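Okay, structure first, notes after.
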């Protein structure tokens, strides 16, 4: 029985290797192979698969945010930072689920990381639009006040804010 399940999983995995991973398959992989093995696989070939997953997480789909919450325990350093950035990008699109997966248990999912504007590739106009959109989304979320406060405090401490005010 276990062998047939393993063969079935390997078939799905090998068929999926030629195409982009979907959230459901990735969750199964994490369960079967463990988070560290999945993260290692995602980072093969210059991390193109990891980048794809981070883009999907950033789009705010609940399934991909679930994937983010399952990947978090296996991340550190740059991977943790990229996961935090992807989850933060999802705030304007799905603040409720982002708030649900935030936890101080893992650095990548901590309020401090996600709500402190962890972006280094946005232009100032993009960042300004993100802040407006995130504030709107968090204002509507019953449990969004702490994240909202962190964003406002981060903006207030930024160099560009101090230069122009």
| query | List, please: which pairs have Cβ atoms under 7 Å, are six or more places apart or on different chains, and start with a residue in the range 141-165 that is farther than 30 Å from residue 100 by Cα and end with one that is at pLDDT below 95 and surrounded by fewer than 13 Cβ atoms within 10 Å (Cβ to Cβ)? | reply | 160/124
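Out of the residues in the range 46-60 that are out of contact with any helix residue (DSSP H, G or I) (no Cβ under 7 Å at 6 or more places or on another chain) and at pLDDT 95 or above, which is nearest to residue 102 (Cα to Cα)?
Initially, the range 46-60 is screened for residues out of contact with any helix residue (DSSP H, G or I) (no Cβ under 7 Å at 6 or more places or on another chain), giving 46-48, 51-52, 55.
Of the ones still in play, those that are also at pLDDT 95 or above are 51-52, 55.
On the way: 51: 21, 52: 21, 55: 18 Å.
Applying the filter and picking the extreme gives 55.
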| query | Looking at (1) more than 18 Å from the chain's Cα centre (by Cα); (2) over 13 Å from residue 91 (Cβ atoms), which is the one condition that is false for residue 120? | reply | (1)
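Kindly indicate whether residue 47 is surrounded by fewer than 22 Cβ atoms within 10 Å (Cβ to Cβ) and closer than 18 Å to residue 136 by Cβ. Explain how you work it out, then say what you get.
Working: surrounded by fewer than 22 Cβ atoms within 10 Å (Cβ to Cβ): yes; closer than 18 Å to residue 136 by Cβ: no.
No, not satisfied.
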| query | When both residues are 6+ apart or on different chains and their Cβ atoms are under 6 Å apart, which pairs have a first residue that lies in the range 9-33 and is farther than 18 Å from residue 70 by Cα, and a second that is at pLDDT 95 or above and part of a helix (DSSP H, G or I)? | reply | 9/32; 16/25; 20/52
| request: Hey, can you tell me all the residues within the range 121-140 that are closer than 16 Å to residue 86 by Cα, in contact with a helix residue (DSSP H, G or I) (Cβ under 8 Å, 6 or more places away or on another chain) and free of Cβ contacts under 8 Å to residues at least 24 places away in the same chain? | output: 122
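The values are calculated or read from the model by the stated rules, or taken from the named source; none is laboratory data. Quantities reported herein were computed from a predicted structural model and do not represent experimental measurements. Here the Cβ is made from the backbone with ideal geometry for all residues, glycine too, and neighbour counts use every protein chain on show.
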